[in-house]
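So the structure is just underneath, and the comments pick up after that.
The values are calculated or read from the model by the stated rules, or taken from the named source; none is laboratory data. Quick caveat: nothing in here was measured; it's all calculated off a predicted structure. A quick note on method: Cβ atoms are made from the backbone with ideal geometry, for glycine too, and the neighbour counts reach across all protein chains shown. Ligands, DNA and RNA are stripped out before the accessible areas are found, and what is left, the full protein with its side chains, is counted by its heavy atoms. Shrake-Rupley method; radii C 1.70, N 1.55, O 1.52, S 1.80 Å.
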Amino acid sequence: MKLATLKNGRPDGLLVVVSADLTRFVSAGRIAPDLQAAIDDWQVVAPQLSALAEQLDAGAISGQPFDPATALAPLPRAYQWIDGSGYLSHLERVRSLKGSKDEELQSTRPLLYQGGSDSLSAPADPIIATDPELAIDFEAEIAVIIDAVPMGATREQAAAAIRLITVCNDVSLRRLVLDDLQNGFGFFHSKPSTAFAPIVVTPDSLGDVWRDNRLHLPVRIEVNGTLYGQPNAGTDVHFDFADLIVEAARTRRLAAGTIIGGGTVSNRHDESLPIKRDGIGFACIAEARTVEKLKYGRARTPFLKAGDVVRIGAISEGQSVFGDIEQTVTLA
C-alpha cells in the first residue's frame, strides 16, 4: 500500500491512503490520525490501511484526486532522522573534497550522522539558503521508516522492522562541511532540512524491486529539466538497510518512526556530465565535480543557484514510484 501525509493545518498532517497509480486518495483518519500514530500501532493499523487501499484500487471507494503539491513530508517531524553511508563509491569520490578525511572512508562499519528531524521538508518545499556562496548541493537517497528496534539488534530484527520506503533529498551546503567537521561534533549547519517524496510504500507492495534490504530501481535526478543522473539504488551497495539499522542500534534502541537514510545513491563509473540517455550520472553535484577534476583538471559543473529546480524520483516502468521531490532554490 501507498501512504501520504496531506496538509490540514496541523504539524503532523492527515494520513491518507493513495491509489497504486498515485491518482486518488482517501482519508485514513478514522484508522490513524497521522503516520506516526500508525507506526506506533502498526500490527493493528496496517491490516486496516491495507484493506482501505484494496477498496480504493478496486473502485469500491471513489476517493479524491491526489495532488502531490498538497503533501507534507510523510513524517513532517520525526523522533529521529539518521543518515548512513551505504555506497562506498560516494565516499571515495567526496573524500577528496575540502574538509573530508581519508580515515572517514570505512568499509567495515557504516558511517552515520544524526540529522535534524524537527522540520522535515515537503516534496515541493523550496531549498532555502541564506547565502548563494554556500555551495548548495542535493543528495538523492533512499530512506526507510522503521518500527521500534532494540539495542544490539540482529540483522534479522533490523530487516523485519522496516515498515515503509521512500526517496529523500539530503540537502548539503558544501562550504560549511569543513567548519562542521573541524568542530568535532559532525554535520550541523551544513545539513539543512531534508526533503522527502510525497509517498511512502510498504515493502510487500514493491514486489521484487525490494529485496536484499535494498531498492533495485534507478533514481532519476533532473536539474532545470536536464537529466543529471539515474544511478540504480540496488547496485554497488556496500551496506544495506539492515546493516545501517544494526549499526544505528549498536548502543541505543531506536524508536518507532525513526527514519534511516541509505546515503547518496552512487554507482561506480567514469562518466562525466552531461550524460547520455542511457548513462548513469550522479545523485549529487559533489561527485560530478570530483570526476571532472580528475578528468579535466578542474570542476566544470556549478553548485545550485537561486531559481534552479531539482527533481528526484525512483522510476519503475516509467512511473515515479514514490512521487517526485521537486524543489526550487530560494535565497532567504
| field | Cα-projected label distance for Ala60 with Asp204, points at 7 Å along beta-carbon direction, nm | value | 1.6
| How many percent of the alpha carbon pairs in segment 1-102 exceed a separation of 15 Å? | 66
| Fraction of the pair-distance distribution of the chain above 33 Å, Cα-Cα pairs, percent | 21
| request: Quick one: go through segment 49-78 and flag any residue whose amide nitrogen is under 18 Å from the point 7 Å out along the Cα-to-Cβ line of Glu317. | output: 54, 57-59
| What residues have an amide H closer than 5 Å to that of Trp210, excluding those fewer than 5 places away on the same chain, when H is modeled at 1.01 Å from N in the peptide plane? | His216
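Could you sort the peptides 226-238, 109-121 by per-residue average Cβ neighbour count (10 Å cutoff), highest mean leading? Before the final figure, lay out each step's value.
On the way: 226-238: 20.4, 109-121: 17.2.
Output ranking for 226-238, 109-121: 226-238, 109-121.
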| request: Whole number in Å², please: accessible area per residue of the chain, 1.4 Å probe, ligands, DNA and RNA not counted. | output: 44
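Tell me the carbon and sulfur percent of the accessible area for the chain, rounded to whole percent, probe radius 1.4 Å. Provide the component values of the computation, followed by the final result.
Values: 7180 of 14510 Å².
That share works out to 50 percent.
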| query | Residues with beta-carbon under 12 Å from that of Phe25, excluding Phe25: net charge, scoring Lys, Arg +1 and Asp, Glu -1? | reply | -1
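Would you mind estimating how fast segment 155-272 diffuses translationally, via Stokes-Einstein at 20 °C and 1.002 mPa s with the Kirkwood radius over Cα pairs, in µm²/s?
Values: Rh = 16.3 Å.
D, rounded to a whole number, is 132 µm²/s.
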| To the nearest 20 debye, what charge dipole does the chain have about its Cα centre, counting +1 at the Cβ of each Lys and Arg and -1 at the Cβ of each Asp and Glu? | 500
| remark: CD proxy, 222 nm, the chain: helix-only mean residue ellipticity via -39,500 (n - 2.57) per DSSP H run with n ≥ 4, per residue, nearest 500, stands at -5500 deg cm²/dmol
| By the scheme Lys and Arg +1, Asp and Glu -1, what is the net charge of all other residues having a beta-carbon under 9 Å from that of Val200? | +2
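Going through segment 277-319, which GluC sites (Glu not before Pro) have at most 12 other Cβ atoms within 10 Å and a DSSP loop state? Can you show the working numbers first?
Values: sites: Glu287, Glu292, Glu317; in loops: Glu317.
Taking segment 277-319 and a limit of 12 other Cβ atoms within 10 Å, the loop GluC sites (Glu not before Pro) found are Glu317.
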| request: Please list the non-local residues whose amide H lies under 5 Å from the amide H of Phe282, H modeled 1.01 Å from N, same-chain partners needing a gap of 5 or more. | output: Gly229, Gln230
| message | Taking θ = phi - 60°, what integer Hz values does the Karplus form 6.51 cos²θ - 1.76 cosθ + 1.60 yield along segment 191-207, in sequence order, with x for Gly and Pro? | response | 10, x, 4, 8, 9, 10, 4, x, 10, 10, 10, 6, x, 5, 6, 8, x
| Could you give me the ³J(HN,Hα) list for segment 243-248, computed from phi with Karplus coefficients 6.51, -1.76, 1.60 and θ = phi - 60°, whole Hz, x at Gly and Pro? | 4, 5, 5, 4, 5, 5
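If each residue of separation counts as 0.36 nm, what is the full-extension length gain between Ala148 and Tyr296 once their alpha-carbon separation is subtracted? Present the calculation step by step, with values, prior to reporting the outcome.
Working: separation 148, 0.36 × 148 = 53.28 nm, distance 4.81 nm.
So the chain would gain 48.5 nm between Ala148 and Tyr296.
Using 0.36 nm per residue, how much length does the chain from Arg268 to Ser50 gain when fully extended, once their Cα-Cα distance is taken away?
This chain segment gains 74.7 nm when fully extended.
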| query | Taking only the alpha carbons of segment 208-332, what extent do you get along each of the three principal axes, in Å, biggest first? | reply | 44, 34, 34
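Grab the other residues whose beta carbon is less than 10 angstrom from that of Ala148, score K and R as +1, D and E as -1, and report the net.
Once positives and negatives cancel, what remains is -1.
With N residues in segment 15-56, what two-decimal value do you get for its Cα radius of gyration over 2.2 N^0.38 Å?
1.07
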| Cα centroids of segment 64-81 and segment 154-222: how far apart, whole angstrom? | 15
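Based on Cα coordinates alone, diagonalise the gyration tensor for segment 115-217, multiply each eigenvalue by 5, take square roots, and list the semi-axes in whole Å, largest first.
Details: eigenvalues 173, 64, 26 Å².
Those come to 29, 18, 11 Å.
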| task | Mind grabbing the base-10 log of I(q)/I(0) for segment 57-200 at q = 0.12, 0.19 Å⁻¹? Debye formula, identical points on the C-alpha positions, no solvent, two decimal places. | result | -0.60, -1.30
